[in-house]
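Trainee: Got a structure for you, questions after.
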């Protein structure tokens, strides 16, 4: 994990991160990503929302990421909600996910959150195992029902 750097997504990295996001959200169009990412990754809103990326040192492209936003919860108060976790790396995807999970916990502490809610999308059992190993526990389930077949609008 020592050769993995964690940083906030910079505006010039938005296009480079798109293939990673497609792993978490296969139907995501480039247009929707280019509309959403600048708002979510806006440096002026880092206390509310952002995109964290992982890169192998010496490599220009991200190999992992997660999106986050602050929320309020009746039980916990301030919570950090993380979604769209992706860790893709030939050398060691588990290392990438471990680095992202460690940053998730550190980010929650910096933002003074009482809890972290992580969305584990279908097809990412490695993420669920990594979160469990880091002390995260299932608390609830999220259900989804599509009510309109419309493209994502940001």
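Trainee: If you check 123, 58, 135, 87, which single one turns out to be at pLDDT 90 or above and either on the phi > 0 side of the Ramachandran plot or surrounded by 16 or more Cβ atoms within 10 Å (Cβ to Cβ) (or both)?
Mentor: Working: 123 fails: at pLDDT 90 or above; 58 fails: at pLDDT 90 or above; 87 fails: at pLDDT 90 or above.
Unique residue meeting the criteria: 135.
Trainee: Next up: Which residues, counting only those in segment 25-40, are in a loop (DSSP other than H, G, I, E, B) and closer than 18 Å to residue 68 by Cβ?
Mentor: Initial filter on segment 25-40 (in a loop (DSSP other than H, G, I, E, B)): 25-29.
Listed by number, the residues that qualify are 25, 28.
Trainee: What are the residues in segment 1-17 that are under 14 Å from the mean Cα position of the chain (by Cα) and surrounded by fewer than 17 Cβ atoms within 10 Å (Cβ to Cβ), if any?
Mentor: Once the filter is applied, which keeps residues that are under 14 Å from the mean Cα position of the chain (by Cα) and surrounded by fewer than 17 Cβ atoms within 10 Å (Cβ to Cβ), segment 1-17 yields 7, 8.
Trainee: In contact with a strand residue (DSSP E or B) (Cβ under 7 Å, 6 or more places away or on another chain) and under 19 Å from residue 36 (Cα atoms): does that describe residue 69?
Mentor: Numbers: in contact with a strand residue (DSSP E or B) (Cβ under 7 Å, 6 or more places away or on another chain): yes; under 19 Å from residue 36 (Cα atoms): yes.
Here the answer is yes, as residue 69 does meet what is asked.
Trainee: Let me ask something else. Taking residue 93 as the residue in question, decide whether it is under 17 Å from residue 9 (Cα atoms), surrounded by 14 or more Cβ atoms within 10 Å (Cβ to Cβ), at pLDDT below 95 and within 17 Å of the chain's Cα centre (by Cα).
Mentor: Numbers: under 17 Å from residue 9 (Cα atoms): no; surrounded by 14 or more Cβ atoms within 10 Å (Cβ to Cβ): yes; at pLDDT below 95: yes; within 17 Å of the chain's Cα centre (by Cα): yes.
So residue 93 fails the test.
Trainee: Right, next: List, please: which pairs have Cβ atoms under 7 Å, are six or more places apart or on different chains, and start with a residue in segment 100-118 that is at positive phi and surrounded by 16 or more Cβ atoms within 10 Å (Cβ to Cβ) and end with one that is at pLDDT 95 or above and assigned to a loop (DSSP other than H, G, I, E, B)?
Mentor: none
Trainee: Continuing with this model, one more query. Being in contact with a strand residue (DSSP E or B) (Cβ under 9 Å, 6 or more places away or on another chain) and closer than 21 Å to residue 144 by Cα narrows it down to one residue among 91, 119, 40, 52; which is it?
Mentor: Numbers: 91 fails: closer than 21 Å to residue 144 by Cα; 40 fails: closer than 21 Å to residue 144 by Cα; 52 fails: closer than 21 Å to residue 144 by Cα.
Unique residue meeting the criteria: 119.
Trainee: Exactly one of (1) over 14 Å from the mean Cα position of the chain (by Cα); (2) more than 23 Å from residue 142 (Cα to Cα); (3) touching a residue at least 24 places away in the same chain (Cβ under 8 Å) is unmet by residue 44. Its number?
Mentor: For residue 44, the exception is condition (3).
The values are calculated or read from the model by the stated rules, or taken from the named source; none is laboratory data. None of the values given here were measured: they were computed from a predicted structure. Reconstructed Cβ throughout: ideal geometry from the backbone, glycine too, with neighbour counts over all protein chains shown.
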